[in-house]
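A short write-up of the structure that comes next.
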Amino acid sequence: MIHVTALLFGATLGIAVGPIALLIANTGLRHGAWAGIRAGLGAATADFLYALVAFSAGTALAPLLAANRSAIEAGAALLLVVFGLWMLYGALTAPAPRVDGARPPPGRPYLTTLSLTIVNPLTVLLFMGFTAHLPADPATPTIILAAACLFLGSLAVQMLFALGGAGLAKVLKDAAWIRRLNIVSAFGIVAFGVAGLL
């Protein structure tokens, strides 16, 4: 039962249209499907790592996370604001964007999304809440299988965002529209960060 719950929780994590979803879609839009897929894989990997920790030590870590919740939320929200402003600066100052599948460095979409998902306050809070649904002392194979199920649920949704962004790039050929979408995406990420600071 924990495996089905983990799979559904992973999909639910991915479905939430937050800063990470915007980042994945934007990566697919700007750099093509493969870069978007790598970004989505980064988010799903972060969810997998959280799952391993939550499923193995969640009940022990919950009080520690709860005690430091304000600091975790503030730091993560500030990071989202800084990253969103960096994206906004790039969207406003870069030459007119082209949707030509220009590739970022190979590991960049994966590592950027992995890092931001790990510090995303929404992810931290959701996993804190999810630990209450876990069995008291699950066996190691159960933990790994449940974390893998959560990863697959998350990955399925992240791929939809990545491919959706890449599909949008095929429709929007006008550089002005691409720039506007990059600006909207950056503002969205900043807004999620500001909301976390309030």
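The table below gives the values:
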{"item": "From THR93, THR117, residue being closer than 22 Å to ILE183 by Cα, out of contact with any Cys (no Cβ under 9 Å at 6 or more places or on another chain), at pLDDT 80 or above and of a type outside the set (A, V, I, L, M, F, W, C)", "result": "THR117"}
{"item": "Exclusive hit being modelled with pLDDT under 80, in a helix (DSSP H, G or I) and aromatic (Phe, Trp, Tyr), set PHE151, PHE187, PHE161, PHE127", "result": "PHE127"}
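The values are calculated or read from the model by the stated rules, or taken from the named source; none is laboratory data. What you see is a predicted model; the values in this text were computed from it and never measured. Note that each Cβ is placed from the backbone with ideal geometry, even for glycine, and that neighbours are counted across all protein chains shown.
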